[in-house]
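Heads up: the structure comes next, in structure tokens.
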Amino acid sequence: MEISFRGKHALVTGAGKGIGRATVLALARCGARVTAVSRTQADLTSLVQECPSVVPVCLDLADWAATESALKNLEPVDLLVNNAAYASLQPFLEVTPDQFDQSFNVNVKAVLHVSQIVARGMKARGSGGSIVNVSSQASSCALRDHAVYCSTKGALDMLTKVMALELGPHQIRVNSVNPTVVMTKMGRLGWSDPEKARSMTARIPLGRFAEVEDVVHSILFLLSDKSNMTNGVMLPVDGGFLAC
């Protein structure tokens, strides 16, 4: 199944590393013009070296005013991937206000804001569009030390559904992908202990974690016209974890 985004402009947040970076490169390979947002300039510099057609935007999405200023004058966006996320794991009884606020500011509030900016343009042009939010299996399954992270992803899933409901009449589709542990550089580091890894893979019928490309392929499908009647869906990329 060939997917082409020629003539489309895509915006990807959290584009410096991992899933976001791989999504940027995949979209560019499929012909899209891509604007990549990251708060780390060094990551953007190396991304542009790897793919010179990418337009970099260095931005802390937790800053509402800076986000508005940086994104409001972009060329029209057809495809949006809200991938930026923040995770700070704490036992429930040790959750601090600053970690709570930072997590919700990036994982929920920034998604709402960036999507508002993009969707307003899509609505004004009357051309429709597609938005994919990168959520997690943690939105549906409690994980130890993940009280705040699980809560942000649960909120993100419901935000996705409301966006799909309200934006659908404007032919703007909104969906999420909900991966299990993904073998990014950070994922490999965090799950390098074989005993810890087995405790999770034992609950995944396929018996393994997701690779970055597994998630990217799902994102591309949901962005593309191959999923024209898919709206308001939380797509697990979890090897069956949530089926058990």
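The values are calculated or read from the model by the stated rules, or taken from the named source; none is laboratory data. No experiment lies behind these values; they were computed from the predicted model shown. Neighbour counts run over all protein chains shown; Cβ positions are idealised from the backbone, glycine included.
If you take the residues of the range 2-55 that are touching a residue at least 12 places away in the same chain (Cβ under 8 Å) and acidic (Asp, Glu), which of them is nearest to Met186 (Cα to Cα)? So, considering only residues that are touching a residue at least 12 places away in the same chain (Cβ under 8 Å) and acidic (Asp, Glu), the one nearest to Met186 (Cα to Cα) is Asp43. All told, Val77 meets the bar of being part of a loop (DSSP other than H, G, I, E, B) and of a type in the set (A, V, I, L, M, F, W, C).
Residue-by-condition table, conditions (1) of a type in the set (A, V, I, L, M); (2) touching a helix residue (DSSP H, G or I) at 6+ places or on another chain (Cβ under 7 Å):
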{"position": "Gln90", "(1), (2)": "no, yes"}
{"position": "Gln99", "(1), (2)": "no, yes"}
{"position": "Gln102", "(1), (2)": "no, no"}
{"position": "Val114", "(1), (2)": "yes, yes"}
{"position": "Val132", "(1), (2)": "yes, yes"}
{"position": "Gln137", "(1), (2)": "no, yes"}
{"position": "Cys141", "(1), (2)": "no, yes"}
{"position": "Thr152", "(1), (2)": "no, yes"}
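Of everything listed in (1) assigned to a helix (DSSP H, G or I); (2) in contact with a strand residue (DSSP E or B) (Cβ under 7 Å, 6 or more places away or on another chain), the single unmet condition for Ala10 is (1). Only one of the numbered conditions (1) modelled with pLDDT under 95; (2) within 27 Å of Val181 (Cβ to Cβ) is violated by Asn73, and that is (2).
Taking the listed residues Thr45, Thr23, Thr67, the one that is surrounded by fewer than 20 Cβ atoms within 10 Å (Cβ to Cβ), modelled with pLDDT of 95 or more and of a type outside the set (Asp, Glu) is Thr45, with no other qualifying.
Listed conditions (1) exposed (fewer than 12 other Cβ atoms within 10 Å of the Cβ); (2) under 19 Å from Val111 (Cβ atoms) are all met by Asp193, apart from (2).
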